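Working notes for the structure below.
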Amino acid sequence: MDDRKNGERGEMKRRTFVKGALAAGAAAMASPMLPRWAFGAEKDQKTIDMEEAAMQIEQAYKTDPVAMRALEAAKTIAKGKKDLELTIFMPAGAVINFMPFTKIWEKETGSKLKFFEVVNVEVDQKLMQEAVTKSGKFDVLPTPPLSLVDLVDAKLLLDIGPLAQKFDPELTGPNGIVEGMDRFTMYYKGQLWGINSDMDIFSMYLRDDMLNDPKNKEAFQKKYGYPLDTPKVYKQLFDQIKFFDDPKAGFAGGFAYRKRALCWMGWLQQFASNGLWMFDENMKPNIDNEVGLKVLEEQVEIQDYCNYKTKSYNWNDIYKNFAAGKGYTAFGWPSLGKYANAPNTSKVIGKVRTAVPCGTEVKGTLVQCAQASLGRCLSVSNYSKNPEFAYCYIQFATAPIVSAFAVSKATGLFDCYRKSHFTNPVVEKAYPAGMLPVLQETMKAAVPGFFLRGGKEYKDALDAQLNAAYAGATKPKDALKNISEEWEKITERQGREGQIARWKELREYYPAAFKKVAG
Amino acid sequence: MWKKLTSLPVLMVAPVQLLIWFMVIFPTIVLVWLAFCYWTPQTGKSWWHADWTWFHNFYELIFDDPRFIWSIVRTIIIFGVCMSVELVAGMIMALLFQTKFFGKKLLVSILIAPMMVIPLVIGQSFYMLFLAQGPINQVISWLTFSNFQFDWLSHPIWAMVPIMLGEIWNWTPLVFLIFMSGLTTVPENQIRAAQGLGATPTQIFFRISLPILKPLILLVVVIRGMEIFKIFDLVFVLTRGGPGNSTETITMYMYNVGIEYMRVSYIAASAFIVLALVVIGAVRILKPLQYQLLED
């Protein structure tokens, strides 16, 4: 240090001290904003993902004609407009799916993207609030399929059919959205209300290592009289769960969803696999019968071999326990496959087999059904100040190649929804080996949920009674009777004619095997 | 009159008063309107174009919705149990803290700490405590020399226990603080006189302190009762109203029906029914105080 800057005894002068202190303070305040690797620490997975994706997508998006059409149109709209901004409303955790191409969009169009995040469970309420207030605060909305009908009837969503015709987002064809599921997640009354950005399908996950173990194979064959392999029917699955359940070793035969708000999926999926419609053509409930009762009784019985007999596991408890290697099987969304393959969360990497959910043999036909009640599509708000510009963003974000980068985010919320995703090398890297083809097959067995007006009411009425039956608070027979009565009330309240029309539409999208036996 | 209204003090508080009236009165008017209409956002109409249905919502709630009635019954049960325990525990703690001892101030600070914890955090903590493989069952296993793995949160009756315990743990300190202050207002000379006449501490408490504290106790019951009626966070995190609807309190019911199902006007009507019940209850409880004030 130059002593002439300081006092006689080399002491720091006040000005020098203040400058140094300010610099140190500024550095201390800025340090939390720097990535961990700036301190010499290893980059975290999120940063690596984002940097890798950014490098690849810079070249790749230009080869995507769907994306380029949207981009060119957006640039035309944005020309001459200062401070053009889009507000994208997203569930928390999904924004990372958009990060790879946000900068590209902003750079190309000269506009700004603002993301508004809300916790997943509050998205529906926020959407309905927007329907009531009509504030126009959001341009792009994350429409869940369960709420699609309600949001359309509440006049929140813009019919983007004409815009889709103008700019062609390639919803069909080899790069199109997965058929069947596209109809009941994006369309209502024949009109297009959004473009899928995430498709969730309930898949079956099994411990591959345990299935391949010769000792297990021998013991199982001896006990049950048939080979141990991927279960095709529910009876085989339940046999395997009982076989592998080992409470003394702290190993669960399986993990089942028994907590309030999660009970309905498993039962509905198994019920559907018996080839029975949950409503008849006049929207009369069709579940209080021998089949409904048998399914519920089987589900009640098998829970003694699941979750170490606990019925209060949330979905993330099931994910954690399965990935920790504490159970043989679990149903889950594609995220469970990714979670069980991630180095920082899983002890069963490479040991998990994904399979199409098992089904039931009905009149000689194997009917496999997979619940497809979650997921999202991107919609344009009816109150957006820039609806065409917002639509262009949606088309860009869901374009075949651009969206591949979105769904490949290991830490994001979104999963494959275009046919091209299943063979895209960027996407393949994010999923465990062999999972994508199975996911694609599973989507062919997709069964729509309560995509009716008041869908959440139907779902909750079913869930509450199933939950009560699983807890022993209600007898299965009474639970089914109560559900039927509640569903009837809801149908009357929502308007039977409208519900019949929508139900008729949804029946078209059931799997082929189901329709063959259901008639 | 006009001079009074345009006087400086009135003009200075007028903007805030008007704002408060707008924030309270306007929503109340909208709520009353909705309670007598049929309206959900799914109708696609604005709420002021809702169809007038007179008392249909009220009728359906009272005579055709057992879920609503049972949610009120459950809330009253929670109120009864939690209030009783909080009053007794708070009073016992307050009595114990009447004498001076080493570390009293520190102990008071520790005891009132639960009040500072957000109910959501309490819910999450009690969720972990009451899991089948959680610490509560572990302690019971040690005490009973058995493998106790009871699934508290999935039992239709016992699922209430974690909810009530969470509520009691969170708010007993407040009751304790109020009673601790209240006990300092009991006249010393009356106690000394009673002691001089040979009264036992129990007699002094029941015959002198408790009657003097009666108004305070009633006030605590009303204030805490209104808060207990609003219990939501604990129920949401612990059980979501399950199993089935067996722990669904009135606020959980209103959340499910009003926010999840968006039956806005129906819930507006239920809000008025609940308000009426709470007001009637509060007036009944505070009636003795009215007489006391009149006597004074």
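None of the figures in this text is laboratory data; all of them are computed from the coordinates on show. Computed from a predicted structure; not experimentally measured. Here the Cβ positions follow ideal geometry from the backbone for every residue, glycine too, while neighbour counts run over all protein chains shown.
Per-structure values
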{"item": "Alpha-carbon centroids, segment A:207-261 and segment A:455-516: separation in whole Å", "result": "30 Å"}
{"item": "Projected label distance in nm at A:Lys103 and A:Lys235, using a 7 Å step from Cα toward the beta-carbon", "result": "5.9 nm"}
{"item": "Over segment A:257-414, relative contact order from alpha-carbon pairs under 8 Å, at least 6 apart, %", "result": "20 percent"}
{"item": "Relative contact order for chain A, counting Cα pairs under 8 Å that sit 6 or more residues apart, in percent", "result": "23 percent"}
{"item": "Whole-Hz ³J(HN,Hα) from phi, Karplus 6.51 cos²θ - 1.76 cosθ + 1.60, for segment A:255-267, glycine and proline x", "result": "10, 10, 8, 10, 7, 3, 5, 10, 6, 5, 5, x, 5"}
{"item": "Cα centroid separation, segment A:173-195 to segment B:15-42 (Å)", "result": "40 Å"}
{"item": "Net charge of Cβ neighbours under 12 Å - reference B:Ala199; Lys, Arg +1; Asp, Glu -1", "result": "+2"}
{"item": "Computed [θ] at 222 nm, deg cm²/dmol, chain B (DSSP H ≥ 4; -39,500 (n - 2.57); rounded to nearest 500)", "result": "-22000 deg cm²/dmol"}
{"item": "Cβ neighbours within 10 Å from other chains - mean over B:129-136", "result": "2"}
{"item": "Acute angle (nearest 10 degrees) that the helix A:387-397 long axis makes with the longest principal axis of chain A, alpha-carbon atoms", "result": "80 degrees"}
{"item": "Partner chain coverage, peptide A:310-321 - average Cβ within 10 angstrom", "result": "3"}
{"item": "P(r) histogram, all alpha-carbon pairs of segment B:172-258 included - 10 Å bins from 0, percent", "result": "15, 30, 20, 16, 13, 5, 0"}
{"item": "When segment A:176-265 is reduced to its Cα atoms, the Kirkwood hydrodynamic radius in Å", "result": "16.5 Å"}
{"item": "Between helix A:65-78 and chain A: long-axis angle, C-alpha atoms, 0 to 90°, nearest 10", "result": "50 degrees"}
{"item": "Neighbour net charge for B:Asp151 - beta-carbon separation under 12 angstrom, K R +1, D E -1", "result": "+3"}
{"item": "Ordering of A:141-153, B:176-188, B:199-211, B:258-270 by burial proxy (mean other Cβ atoms within 10 Å per residue, highest first)", "result": "A:141-153, B:258-270, B:176-188, B:199-211"}
{"item": "Interchain or long-range residues, amide H under 5 Å from A:Gly375's placed H", "result": "A:Asp200"}
{"item": "Charge sum, other residues only, whose C-beta stays under 14 Å from A:Lys504's C-beta, Lys/Arg counted +1 and Asp/Glu -1", "result": "+3"}
{"item": "Cα-based helix-to-principal-axis angle, A:123-133 vs chain A, degrees rounded to 10", "result": "70 degrees"}
{"item": "Which listed pairs, of A:Lys81/A:Lys107; A:Lys189/A:Lys444; A:Lys235/A:Lys515; A:Lys155/B:Lys45; A:Lys235/A:Lys475, have C-alpha distances above 18 Å, in listed order", "result": "A:Lys189/A:Lys444; A:Lys235/A:Lys515; A:Lys235/A:Lys475"}
{"item": "Dimensionless Rg/Rh of segment A:361-470 - Kirkwood Rh, Rg from C-alpha atoms", "result": "1.06"}
{"item": "Among B:Leu218, B:Leu111, B:Leu143, residue whose mean-square fluctuation peaks in a GNM of chain B (springs only between Cα atoms under 10 Å)", "result": "B:Leu143"}
{"item": "Per residue, the convex hull volume that the Cα atoms of segment B:66-295 enclose (Å³)", "result": "159 Å³"}
{"item": "Least to most buried among A:Lys326, B:Lys287, A:Lys259 (fewest other Cβ within 10 Å first)", "result": "B:Lys287, A:Lys326, A:Lys259"}
{"item": "Space enclosed by the convex hull of the alpha-carbon atoms of segment A:323-402, per residue, Å³", "result": "198 Å³"}
{"item": "Burial ordering of A:His421, B:His155, B:His56, fewest other beta-carbon atoms within 10 Å first", "result": "B:His56, B:His155, A:His421"}
{"item": "Length-normalised contact order of segment B:66-295 in % [C-alpha pairs under 8 Å, at least 6 apart]", "result": "29 percent"}
{"item": "Shape metrics for segment B:95-208, restricted to C-alpha atoms - Rg then Dmax, Å", "result": "20.0, 56"}
{"item": "For residues of B:233-241, the mean tally of beta carbons on other chains within 10 Å", "result": "2"}
{"item": "Whole-Hz ³J(HN,Hα) from phi, Karplus 6.51 cos²θ - 1.76 cosθ + 1.60, for segment A:168-180, glycine and proline x", "result": "6, x, 6, 6, 10, x, x, 9, x, 6, 3, 6, x"}
{"item": "Amide H contacts under 5 Å for A:Phe115, placed H, 5+ residues apart", "result": "A:Ile88"}
{"item": "Amide H partners (placed H, <5 Å) of A:Asn286, local residues excluded", "result": "A:Phe279, A:Asp280"}
{"item": "Cβ-based exposure ranking for B:Phe68, A:Phe251, B:Phe102, B:Phe55, in which fewest neighbours within 10 Å come first", "result": "B:Phe102, B:Phe55, A:Phe251, B:Phe68"}
{"item": "Per residue convex hull volume, Cα atoms of the protein assembly as shown, in Å³", "result": "297 Å³"}
